[in-house]
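**Student:** My questions will all concern the structure given below.
The values are calculated or read from the model by the stated rules, or taken from the named source; none is laboratory data. In this text the structure is predicted, and so the values were computed from the model without any measurement. Quick reminder, even Gly has a Cβ in these numbers, built from the backbone with ideal geometry, and neighbours come from all protein chains shown. These area figures cover heavy atoms from the full protein model, side chains too; ligands, DNA and RNA do not enter into them. Shrake-Rupley method; radii C 1.70, N 1.55, O 1.52, S 1.80 Å.
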Amino acid sequence: MKEKQNNTPVPYQEIANPITDKTVKQNTNQLREKARHGRLDFWSEMSKNISWFEEWNTILDDSKAPFYRWFNDGKLNASFNCVDRHISGWRKNKAAIIFEGDRGDRRVLTYQDLYREVNQFADVLKKLGTKRGDVVTIYMPMLPEAVIAMLACARIGAPHSVVFGGFSPGALKDRIEDSNSKVLITADGGYRKGKVVPLKDNVDKALEGSNCQSIKNVVVVNRTGQDIHMEQDRDLWYSDLINDAALYCEPEVMDAEDPLFILYSSGTTGKPKGILHTTGGYMVGVHTTFKHIFDYQEQDVYWCTADIGWITGHSYIVYGPLANGATTVLFEGTPDFPAQNRFWSIIEKYGVSIFYTAPTAIRMFMRWGEEWLAGHDLSSLRILGSVGEPINPEVWMWYYKYIGGEKCPVMDTWWQTETGMILITPLPGDASFKPGSASRAFPGVDVDVVDEQGKPVKPGEQGYLVVNTPYPAMLRNLYKDPERYLSTYWQQYEGIYLAGDGAKKDEDGSIWCIGRIDDVINVSGHRLGTAEIESALVEHPAVAEAAVIGKKHELKGQAVSAFVTLKESHNGSDELVAELKKLVVSKIGALARPEDIYFTAELPKTRSGKIIRRLLRDIAEGKVIGDTTTLMDPDIINSIKDKYAAKAS
Ligand code: WTA
C-alpha cells in the first residue's frame with residue numbers, strides 16, 4: 001500500500017494498464033483528443049453511428065434551458081437501430097440475446113429472431129389499441145420477452161415504463177397510476193433459486209377493485225406454466241397473440257425528442273420520480289459509451305448482470321449493446337444457485353469477454369472465497385465493469401486479481417438513472433487505473449466537484465458532484481412534473497446539474513465518488529428514497545412518525561435502518577418490529593425491508609421541524625455525533641444514542 005501525500009484518497013498504488021494492444025490505447029487517445037476539439041463536434045460525429053431516417057438540423061437547442069433538446073428535427077426509431085439495421089448482412093445470424101434461465105435452461109435469439117418477434121409484438125400492441133405516445137408498463141422477470149416488449153414499444157412510439165419485478169403490488173400500482181398505462185405486460189411467473197415466483201398474483205393485487213382503472217389489457221408471457229388467474233376480457237396470453245400477429249410492423253418515424261421511456265426512480269421527497277428519456281440523444285449516448293468504455297468488438301460476448309428494471313438494464317443490456325449489434329447475455333437467476341460458482345460457470349460456458357456487475361455482488365464473491373473460482377476458465381474475459389455504488393479499493397483489487405486474472409482493466413462507471421449513460425469512467429486504453437476512483441468524465445462530458453457556492457473544490461476536499469454542460473442522453477424532464485425537475489436538479493446552481501452525490505478530486509483531477517448526500521439510500525446498488533419507506537411505516541396505526549436512514553453495511557453498501565416513534569398507548573415489541581418490516585415489504589418490495597427498527601420517544605429535529613437524518617446515521621454507525629447546533633432540543637440525541645447503544649449491545 002502506498003499513501004500519497006496531499007490528502008489524496010489513494011489507498012492503493014495505481015495499476016498500470018494490463019492491455020498491451022496498441023489499438024486500444026490509440027482508440028482511447030483518439031476519443032479523448034476528438035472531444036478536446038469541441039464537445040458539440042464530438043457528439044455530432046458520434047451521432048453518425050446511429051441510423052437516422054432524417055438528419056438532424058441543430059445539434060443542441062438550449063433556448064429553453066434546462067429543458068435541452070438534442071439533434072433537433074432528426075428522425076429515427078430506437079428499435080430500428082437495435083434490430084432492423086443488423087439483419088441486412090451476416091449479423092442476421094449472430095446471437096443478439098443469449099438467455100440463461102434460473103434452472104440452467106437456455107435460449108439463443110439471433111438478430112433475425114429478435115427482429116421477427118419485436119415486429120410481431122409491436123403488431124400485437126397496435127392491435128390492442130396502443131397508440132404513439134401511450135405509456136406501456138412492463139413488469140417482468142429477466143426474460144427475452146422483456147427486451148422484446150421494450151423494443152416493440154419503441155417500434156410503435158409508445159414510451160415504456162419498466163417496473164422492477166421485485167417491486168410490490170403497491171409500488172406497481174403507483175407507477176401504473178402515475179403513467180396512466182392502458183396495457184401491462186407481465187409473465188405468469190419467473191424462477192428464482194429453482195422456485196416459482198408468482199408475479200401474476202402481484203399484478204392481480206395491483207389491479208384489484210377500483211385500482212388502476214386505466215389498464216385495459218394485461219399481456220401474460222408463458223414462462224412457468226403455474227396455475228394463475230386470467231381475468232376475462234382483460235388478460236391475454238402472449239403466445240396466443242404472437243401466433244396471430246403480422247410478421248412485419250413498420251417502425252414509427254420518431255422525432256429525436258419524442259419520449260423513448262419513463263423509468264421511476266427514488267428521490268429525496270415524496271413519490272418516485274418518472275425520469276423521462278427521449279430517443280435521439282439517448283441512443284447516441286448509450287451507443288457511444290457502450291462501444292468505447294468496453295472497447296466493444298464484433299466478436300465479444302457481453303454480460304451485464306443488472307436487472308432490466310433498472311437504468312443499467314435499459315442502457316447496457318438492451319439499448320447500448322443492441323444498437324452496436326452485440327451479443328448480450330440475459331440471466332434470470334441469482335449468483336448462488338445452484339451453487340456460488342454460477343456466474344463463473346456462465347462466463348466459462350458462453351466465453352463472456354466483457355463483464356459488467358456491481359460492487360455489492362463482488363463483495364459477496366469475496367466473502368464466499370476464491371475457492372468458487374477453482375476449475376473455471378475465465379480467460380475469455382477482457383474488460384470488467386462496475387456500477388451502482390462506490391467500489392472499495394480492496395474490492396477493486398480483488399475483482400482485478402481473481403476475476404480478471406490481472407489482465408482486464410476495471411471500468412468503474414459512475415452515472416444515474418437521470419444521466420441515461422455513463423458519465424465518469426476510465427477508458428480501456430488509459431495508461432493506468434486508480435482502484436476506487438471512477439477516474440474522469442467521459443469525452444464530451446464536463447463534470448466537476450464544487451463547494452456550496454459552486455466553486456471547484458481543492459484536491460482532497462469533499463464537495464458536490466455537478467455536471468456543467470448538457471450531454472445527449474441526459475433526462476429531459478420528470479414525467480408530468482417539470483417543477484420538480486427544476487427544483488431537484490437545477491435550483492442549487494445556475495445552469496448546472498446537481499447530481500446529489502458527494503465526491504472528491506485528487507491532484508491529478510481524478511474523481512472519487514463518495515455516495516449520496518441527500519436522503520436517497522443505496523442498498524446493493526438500488527436506489528430507495530427515505531421518504532417512501534417512511535410513508536409506508538407511518539401507515540401503521542401504531543406509528544406516529546418515522547425517520548429512515550442508510551447505515552453502512554459490509555455487503556450491501558447501505559442497509560435500511562428505521563427510527564420510529566409510536567403513538568401514545570402503543571409500545572414497541574418484537575411483534576411490532578416484524579409487522580412493520582412486513583408492511584414495508586408489502587408497500588415497496590423486499591429490497592426496502594428495514595434491517596433494524598428502533599423505537600424512540602422523539603426524533604432529532606431542526607427548529608423548523610425537519611428531521612435531521614444525518615445525526616441518526618451517526619448514531620447507527622457508531623460515529624461521533626456531528627453538529628447538533630441546529631437541533632431544537634439537543635438532549636434528544638443523547639437519549640436516542642444511549643437507548644440505541646443499549647439495544648444494539
Ligand atoms: C451511485 C445507477 C459511486 C451514485 C446507474 C448515483 C455510484 C446513484 C457509481 C445512481 C459509481 C452509481 N461510484 N457511486 N461507479 N455508480 N453510483 O439512478 O450515488 O440507480 O447517484 O443509477 O448510484 O443510482 P441509479
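**Student:** State whether the chain is rounded, prolate or oblate according to the following rule on the C-alpha gyration tensor (a ≥ b ≥ c being the square roots of its eigenvalues): a/c under 1.5 gives rounded; otherwise a/b larger than b/c gives prolate, and the remaining case gives oblate.
**Tutor:** Cα axes put the chain in the rounded bin.
**Student:** Could I ask something else about it? How large is the helix-only mean residue ellipticity at 222 nm for the chain, computed as the sum of -39500 (n - 2.57) over DSSP H runs with n ≥ 4, divided by its residue count, in deg cm²/dmol to the nearest 500? Show your work: numbers first, answer last.
**Tutor:** Values: 18 runs with 176 residues, N = 649.
Mean residue ellipticity at 222 nm (helix-derived): -8000 deg cm²/dmol.
**Student:** Which entries in the list K75/K127; K605/K643; K273/K504; K94/K131 go over 22 Å, if you measure between the two C-alpha atoms of each? The partial results should precede the final answer.
**Tutor:** Values: K75/K127 24 Å; K605/K643 18 Å; K273/K504 27 Å; K94/K131 32 Å.
Checking Cα-Cα distances, K75/K127; K273/K504; K94/K131 exceed 22 Å.
**Student:** Order Y248, Y485 by their accessible area, 1.4 angstrom probe, all chains in place, largest first.
**Tutor:** Numbers: Y248 105, Y485 0 Å².
Accessible-area ranking of Y248, Y485, largest first: Y248, Y485.
**Student:** Using packing as a proxy for protection, rank 531-537, 597-603 so that the peptide with the highest average count of other Cβ atoms within 10 Å comes first. Each step should come with its number before you reach the end.
**Tutor:** Numbers: 531-537: 21.9, 597-603: 18.4.
Those peptides, ordered most packed to least, come out 531-537, 597-603.
**Student:** Another one. Could you rank Y296, Y479 by how accessible they are, 1.4 Å probe, largest area first? Intermediate values should be presented prior to the final figure.
**Tutor:** On the way: Y296 25, Y479 60 Å².
So, going from the largest accessible area down, we get Y479, Y296.
**Student:** At a Förster radius of 30 Å, what calculated FRET efficiency corresponds to the Cβ-Cβ distance of L128 and N57, to the nearest 0.05? The partial results should precede the final answer.
**Tutor:** Details: r = 35 Å, r/R0 = 1.18.
Calculated value: 0.25.
**Student:** Quick one: P(r) of the range 312-393 from all Cα-Cα pairs, 10 Å bins, percents rounded to integers, in order of increasing distance.
**Tutor:** Here the calculated profile for the range 312-393 is 15, 49, 32, 4.
**Student:** Continuing with the same structure: Y493 to N222: extension gain in nm, 0.36 nm per residue of separation minus the Cα-Cα distance?
**Tutor:** Numbers: separation 271, 0.36 × 271 = 97.56 nm, distance 4.97 nm.
Using 0.36 nm per residue and subtracting the Cα-Cα distance, I get 92.6 nm.
**Student:** Using +1 on the beta carbon of Lys and Arg, -1 on that of Asp and Glu, and nothing else charged, what's the dipole of the chain about the Cα centre, debye to 20?
**Tutor:** Details: 75 positive and 86 negative charges, 109 e Å.
For the chain, the charge dipole is close to 520 debye.
**Student:** If the chain between D336 and A590 were fully stretched, how many nm would it gain, using 0.36 nm times the residue separation less the Cα-Cα distance?
**Tutor:** Working: separation 254, 0.36 × 254 = 91.44 nm, distance 1.80 nm.
Gain on extension, D336 to A590, equals 89.6 nm.
**Student:** Filter the trypsin sites (Lys or Arg not before Pro) in the range 591-645 down to the DSSP loop ones having no more than 12 other Cβ atoms within 10 Å, then list what survives. Please report the intermediate quantities before stating the final value.
**Tutor:** On the way: sites: K605, R607, K610, R613, R614, R617, K623, K641, K643; in loops: R607, K610, K623.
Sparse-neighbourhood loop trypsin sites (Lys or Arg not before Pro): R607, K610, K623.
**Student:** Measure out, as a whole number of angstrom, how far apart the alpha-carbon centroids of the range 431-451 and the range 319-374 sit.
**Tutor:** Comparing the Cα centres of the range 431-451 and the range 319-374, I get a distance of 26 Å.
**Student:** Sorting check: for 77-86, 379-388, 55-64, which peptide has the highest mean count of neighbouring beta carbons within 10 Å, and how do the rest follow?
**Tutor:** Values: 77-86: 24.6, 379-388: 21.0, 55-64: 14.2.
By packing density, highest mean first, the sequence is 77-86, 379-388, 55-64.
**Student:** Oh, and also: If I take R0 = 22 Å and measure r between the Cβ atoms of E602 and D451 in this structure, what FRET efficiency does the formula 1/(1 + (r/R0)^6) give, to the nearest 0.05?
**Tutor:** Working: r = 33 Å, r/R0 = 1.51.
Calculated value: 0.10.
**Student:** Which value, in Å² and to the nearest 10, is the accessible area of D73 when all protein chains are kept and the probe is 1.4 Å?
**Tutor:** So the heavy atoms of D73 present about 70 Å² to solvent.
**Student:** If I model a spin label as a point 7 Å beyond the Cα along the Cα-Cβ vector, how far apart are those points for K22 and H570 in nm?
**Tutor:** The answer from the label model is 7.1 nm.
**Student:** Order the following by accessible area, largest value first: R516, R363. Probe radius 1.4 Å; ligands, DNA and RNA are ignored. Before the final figure, lay out each step's value.
**Tutor:** Working: R516 65, R363 25 Å².
In descending accessible area the options line up as R516, R363.
**Student:** Averaging the inverse of every distinct alpha carbon separation and then flipping it gives the Kirkwood radius. What is it for the range 133-209, in angstrom units?
**Tutor:** This gives a value of 12.6 Å.
**Student:** How far is it, in nm, from the label point at E507 to the one at Q297 when both lie 7 Å from their Cα along the line to the Cβ?
**Tutor:** 3.8 nm
**Student:** Kindly rank 219-231, 139-151, 461-473 from highest to lowest mean number of other beta carbons found within 10 Å of each residue. Intermediate results must be reported in sequence, preceding the final value.
**Tutor:** Values: 219-231: 16.2, 139-151: 26.4, 461-473: 21.2.
Per-residue mean Cβ counts within 10 Å order the peptides as 139-151, 461-473, 219-231.
**Student:** With a cap of 16 neighbouring Cβ atoms within 10 Å, and only residues DSSP puts in a loop, list the trypsin sites (Lys or Arg not before Pro) found in the range 90-126. Kindly include the intermediate steps, with their values, before the conclusion.
**Tutor:** Details: sites: R91, K92, K94, R103, R106, R107, R116, K126; in loops: K94, R103.
In loop regions of the range 90-126 (DSSP not H, G, I, E or B), the sparsely surrounded trypsin sites (Lys or Arg not before Pro) are R103.
**Student:** Please work out the C-alpha center-to-center distance from the range 53-105 to the range 377-419 and express it in whole Å.
**Tutor:** 26 Å
**Student:** With a Förster radius of 30 Å, plug the Cβ-Cβ distance of D73 and N49 into 1/(1 + (r/R0)^6) and report the FRET value to the nearest 0.05. All intermediate terms of the calculation are to be shown ahead of the outcome.
**Tutor:** Details: r = 19 Å, r/R0 = 0.63.
Computed FRET efficiency for D73 and N49: 0.95.
**Student:** How high is the relative contact order of the chain, given as a whole-number percent (alpha carbon pairs under 8 Å, six or more residues apart)? If you can, show how the numbers build up before the last one.
**Tutor:** Numbers: 1418 pairs, mean separation 89.5, N = 649.
Taking the mean separation of contacting Cα pairs over the length of the chain, I get 14 percent.
**Student:** Here's another thing I want to ask about it. Express the accessible area of the chain per residue in Å², computed with a 1.4 Å probe while the remaining protein chains stay in the model. Spell out each step's value before the answer.
**Tutor:** Details: 25500 Å² over 649 residues.
In whole numbers, the chain has 39 Å² accessible per residue.
**Student:** Any chance you could check the Cα centroid distance between the range 223-249 and the range 522-540 for me, in angstrom?
**Tutor:** Answer, in whole Å: 34.
**Student:** For A65 and R106 in the same chain, what is the full-extension length gain: residue separation times 0.36 nm, less their Cα-Cα distance, in nm?
**Tutor:** Details: separation 41, 0.36 × 41 = 14.76 nm, distance 4.72 nm.
Residue separation times 0.36 nm, minus the Cα-Cα distance, leaves 10.0 nm.
**Student:** Please figure out what share of the DSSP beta bridges in the chain is antiparallel and state it in percent, rounded to the nearest 5.
**Tutor:** Numbers: 62 of 100 bridges.
Rounded to the nearest five, the antiparallel share is 60 percent.
**Student:** At a 1.4 Å probe radius, carbon and sulfur cover how many percent of the accessible area of the chain? Walk me through the numbers before you get to the answer.
**Tutor:** Values: 12150 of 25500 Å².
Here it works out to 48 percent.
**Student:** Then there's this: Compute the relative contact order of the range 136-206 as a whole-number percentage, counting only Cα pairs closer than 8 Å that sit 6 or more residues apart in sequence. Intermediate values should be presented prior to the final figure.
**Tutor:** Working: 86 pairs, mean separation 27.2, N = 71.
After rounding, I find 38 percent.
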